[in-house]
Structures are given as structure tokens and as C-alpha cells.
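Below: the structure, in C-alpha cells.
The values are calculated or read from the model by the stated rules, or taken from the named source; none is laboratory data. This one's a predicted model, so the numbers in the text were calculated from it and none came from an experiment. Every residue, glycine among them, receives a Cβ derived from its backbone with ideal geometry; neighbour counts consider all protein chains shown.
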């Protein structure tokens, strides 16, 4: 390990009261947060923390709040890892569960045949349990219905001064077609391949809860249907299930038109998020080739919006 890793290992050992730290390694993935894996000889752990000097992004919660949401959802029956310790507002440690997060492996490897067949049922059931998490056990979260989010992303586009006609068209459509308000629930906010831990027999846990908020349950279903989260495969839900299969598997009545609205909203939202990542790099606040590469994907979202709205 490098000197910096040695220092981190000592800090973790002291914070968790462990006799030793071994196999400390930073995991790939996560453009805005660091994820580290390590063990103590008997158990595996995951450290999730903000990079040094990184500030929060629009619509995200801090690590302490994220950890408290994860634990509340887990105790309510949602598939989520157990929180071991909140270290400070910027870092927490959770248990490490065995499973796979790589979308291409999940989509293609023969050992995941059963998981692929169960994908719609597993995801819909997991989301229903997340959405049923009692508010009493949750920390304070923002209410982010369609109107609130449109206002947020309107402000972001105006701040960038970006001239993006397709995003303007999409925003106008989303404003006009806003569904009627319903009772809010806990929304994961980023439930999609890449943030799902899956084993050969199905879904194990939902990860990366930093976009959690109160809102419309159809938002999570719609986000899973965004084309960017199919990773080249054709079926609408993560490349593994159809729109109809996902909606039918959700164990409570839900309007397919509402889900389709949030699919379009999610595509627009992802496009704006790509611009945010590009700005992080171009402004010098967090220079990163990953941020720059994600920024270029705004054009993919525009293409998808033209197809969805056409």
C-alpha cells in the first residue's frame, strides 16, 4: 500500500476498534464519491467517503444522511447493506456483501441466468420495500416532486448558460404533462444497474443512496428504464426486462403513464447531470477525465429525448 493508504488504514483501525486492516483497495466506479474495500481477517467492509476537497452536488445528501437512510431502509425490509459506523458527516463504513455490480457481467455471464430471469420481479419488489420505509426512522430529506426537480434543473441550466434546445423542449413537455401529486415516499433516486449488487440467484442489495429524497414512487421505476442504464442491451429495464414486465411486477397499483413520464424525466435529468460532471472538470474544481467523459454523454440523452418525445 502507498503511504496515503497506510495512513487511511491506521485511521480506520482506530475508528472501528479493529486489531488490523488488510487488503485496503479503492474500488472502481463512482465519479463523485470514493469507495474502498478492506477487511480485518474475519469480515469484509466498505468505506464510502467524499473525496478530499469535494463539495456536495445538487440534489445529493451528505454521507451521514446517506448512511442513516440506508440503515432505516434496511430495518424496514429493503435490500441494503448494514451500516457499521458513521465516521463523520463525510464518511461511513458498511458491511461488504458478496455479489456483482458490473452491468456487462450481470447481463452476459451464464452464471447469472437465474438473476436475469428474476430481474423485473426482484427490482420491483425491492423498490416497493424501499418506498414503504416509514418516515419516522428516516433523517430529514428534501421533498423532490416533479415541480421541485424541474425548478432545480432549470436553475442549473441557467447557471451554465447552456443553449440546449432539446433540453428546453423536454423541460417544456415535462412541465405541461406533470402528473397529479400523490403522497410522497422514500425514493432511492439512483436505482439502476451499476448501483445494484446482484448474485447468481438475484438481487442482493441496492447501493449508492446519495440521491435519496421524498417523492413519487414511479420516479425510481422510470429511472431504471432510462436507456443509459441498459449498457448497450435492448430491453428497457436495465437491458434485462421490458417496461411492461417491470410495471406488472411492482406489487402495488401504479399507473404506467406515470412511469413513462418519469422515464422521460429521468432521461432529461441524466442529461443535465452529465453537464454538471463536465462543469466540475472544466471549472477546475475537480479535474477528472471521468467527469469529462461523462459530460460528453449529454448528447446521448438529447438523442434519447428526441426518440421518446417524437
What do you reckon, is residue 100 over 18 Å from the mean Cα position of the chain (by Cα) and modelled with pLDDT of 95 or more?
-> no
Quickly run through the range 118-134 and pick out the residues that are in a loop (DSSP other than H, G, I, E, B) and farther than 14 Å from residue 212 by Cβ.
-> 118, 132, 134
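Conditions (1) surrounded by fewer than 18 Cβ atoms within 10 Å (Cβ to Cβ); (2) on the phi > 0 side of the Ramachandran plot; (3) under 17 Å from the mean Cα position of the chain (by Cα), marked per residue:
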residue	(1), (2), (3)
104	yes, no, no
107	no, no, no
117	yes, no, no
122	no, no, yes
133	no, no, no
144	no, no, yes
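Take the range 155-167 and flag every residue that is closer than 20 Å to residue 308 by Cα and without any contact (Cβ under 8 Å) to a residue 60 or more places away in the chain. Spell out how you get there, then give the answer.
So in the range 155-167, the residues closer than 20 Å to residue 308 by Cα come out as 164-167.
If the condition is that a residue be closer than 20 Å to residue 308 by Cα and without any contact (Cβ under 8 Å) to a residue 60 or more places away in the chain, then 165 is the only one that fits.
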Being in the same structural domain as residue 222 (by TED's automatic domain parsing), over 22 Å from residue 50 (Cβ atoms), in a loop (DSSP other than H, G, I, E, B) and out of contact with any strand residue (DSSP E or B) (no Cβ under 7 Å at 6 or more places or on another chain) narrows 180, 148 down to just 180
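Conditions (1) over 29 Å from residue 147 (Cα atoms); (2) touching a strand residue (DSSP E or B) at 6+ places or on another chain (Cβ under 8 Å); (3) at pLDDT 95 or above; (4) not assigned by TED's automatic domain parsing to the domain that holds residue 225, marked per residue:
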residue: 35; (1), (2), (3), (4): yes, yes, no, yes
residue: 58; (1), (2), (3), (4): no, no, no, yes
residue: 65; (1), (2), (3), (4): no, no, yes, yes
residue: 73; (1), (2), (3), (4): no, yes, yes, yes
residue: 87; (1), (2), (3), (4): yes, yes, yes, yes
residue: 108; (1), (2), (3), (4): yes, no, yes, no
Kindly provide the set of residues from the range 218-246 that are more than 23 Å from residue 302 (Cα to Cα), touching a residue at least 40 places away in the same chain (Cβ under 8 Å) and assigned to a helix (DSSP H, G or I), ordered by number.
-> 245, 246
A careful count of residues in the range 158-172 that are crowded, with 17+ Cβ neighbours inside 10 Å and not in a loop (DSSP other than H, G, I, E, B) gives 4
Would you confirm whether any residue within the range 184-207 is assigned by TED's automatic domain parsing to the domain that holds residue 246 and free of Cβ contacts under 8 Å to residues at least 12 places away in the same chain?
-> no
Among (1) over 21 Å from residue 81 (Cα atoms); (2) under 17 Å from the mean Cα position of the chain (by Cα), where does residue 164 come up short?
-> (2)
